[in-house]
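Written below as structure tokens is the structure these notes are about.
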Amino acid sequence: MTVDPARGVEVVLPRRAPDREAAAAIREFRPWIERRVAELDRARAAVAARGTSVPYLGQALQLVAQPGRIRAHRRGDELLVPAGDARLPAIERFYRRAARSEVSARLDRACAQTGSSYSGLTIRGQRTRWASCSPSGAMSFNWRLLLAPEPVLDYVVWHEVCHLELLDHSPRFWALVESRCPGYRDHVRWLRRNGPTLVL
């Protein structure tokens, strides 16, 4: 079962399941559905409240549309963007480029501190994950993390660097995260509460 802002509530059942199973599932999960809908409403309100700015690691970048521009470019506290329909794709491309730079610098510093190394970095737009670390040390990060405050990105980087040592979520892993990123629980809570607002 998923709650999507564009598609509404979607229930996936086995092929031969009767339609009444979907209705029963919706009745059973109604409190969860209502919480998710309320979260999405709050997220939409938070995004709308930004007006003509976008967040960038805790700062607000004022969007400045320039006719004829095809690429978004940061100039101080401004983000120069194309006018019209090309604006949103250009902004996302800017964030993806910036994420590679912001994340790789943090990964390199964290790995230098711990004496570990990663095998590669990809920047993606996953819907359900902020980051991941494969058994081979390949790192993947969501560009939307740049819409969060800087300490939240720092926590996610440390989380994945700790996975280079312990590829699980055992108590030993969380103790390691705490030793490398004290107070990480605040950032976990922030992501849970505000994750749906990390959209353009």
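The values are calculated or read from the model by the stated rules, or taken from the named source; none is laboratory data. What you see is a predicted model; the values in this text were computed from it and never measured. Reconstructed Cβ throughout: ideal geometry from the backbone, glycine too, with neighbour counts over all protein chains shown. Just so you know, the surface numbers come from the protein's heavy atoms only, side chains and all, with ligands and any DNA or RNA stripped out. Shrake-Rupley method; radii C 1.70, N 1.55, O 1.52, S 1.80 Å.
Express the accessible area of the chain per residue in Å², computed with a 1.4 Å probe while the remaining protein chains stay in the model. Could you put the intermediate results ahead of the total?
Values: 11800 Å² over 200 residues.
In whole numbers, the chain has 59 Å² accessible per residue.
If a/c stays under 1.5 just call it rounded; otherwise compare a/b with b/c (prolate if a/b is bigger, oblate if not). Do that for the chain, with a ≥ b ≥ c from the square roots of the Cα gyration tensor eigenvalues.
Oblate, since a/c reaches 1.5 and b/c is not below a/b.
Applying a 10 Å radius around every beta-carbon, put 9-21, 186-198 in order of their mean neighbour count, most first.
Details: 9-21: 9.8, 186-198: 15.4.
Going by the mean number of other Cβ atoms within 10 Å, highest first, we get 186-198, 9-21.
Rounded, prolate or oblate for the stretch 52-108? Axes are the square roots of the Cα gyration tensor eigenvalues, ordered a ≥ b ≥ c, and the cut-off for rounded is a/c under 1.5. If you can, show how the numbers build up before the last one.
Working: a/c = 2.58, a/b = 1.70, b/c = 1.51.
In terms of gyration-tensor shape, prolate.
Given a 1.4 angstrom probe, I'd like the percentage of the accessible area of the chain that is carbon and sulfur, rounded to a whole number.
Details: 6080 of 11800 Å².
Carbon and sulfur: 52 percent of the exposed surface of the chain.
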